[in-house]
Amino acid sequence: TVRPMTIIQLLSAIISAYAISHIIQRAKQCLDFTCTFHFWHLVLTSFYNGFIPTSITWWLLQLVSIIVCTVLGEYWCMKKETLDIPLSIPSSKNDA
């Protein structure tokens, strides 16, 4: 069975990927920022619980979350990077 926290973690990875694609806007940096987010998640989780998580399912969920966040973030960044840059200047109505 899928626990609600698993779904929340994966939804968080999708939302984080979207945020990364808008804030960072570079596909090369998505993995760095995703790993940084998850590192701070580990630090805060360990501080809150008083111990480092030892459950293999927790670590696998974090790995899947990192993969989802990185791949989606890079995909969305690449989609933005490949958009056409408008080069035309709108003409004014006063041209004679």
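Here, each number is a calculation from the coordinates, and none is a lab measurement. On a predicted model such as this, the values are computed, not experimentally measured, just so you know. Don't worry about glycine lacking a Cβ; one is built from the backbone with ideal geometry, like all the others, and counts go over all protein chains shown.
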query = For residue 88, all conditions in the list (1) surrounded by 15 or more Cβ atoms within 10 Å (Cβ to Cβ); (2) over 22 Å from residue 6 (Cβ atoms); (3) of a type outside the set (Val, Ile, Thr) hold save one; what is the number of the exception?
reply = (1)
inquiry  = Going through 45, 82, 6 one at a time, which residue ends up being of a type outside the set (Lys, Arg) and touching a Pro at 6+ places or on another chain (Cβ under 7 Å)?
reply    = 45
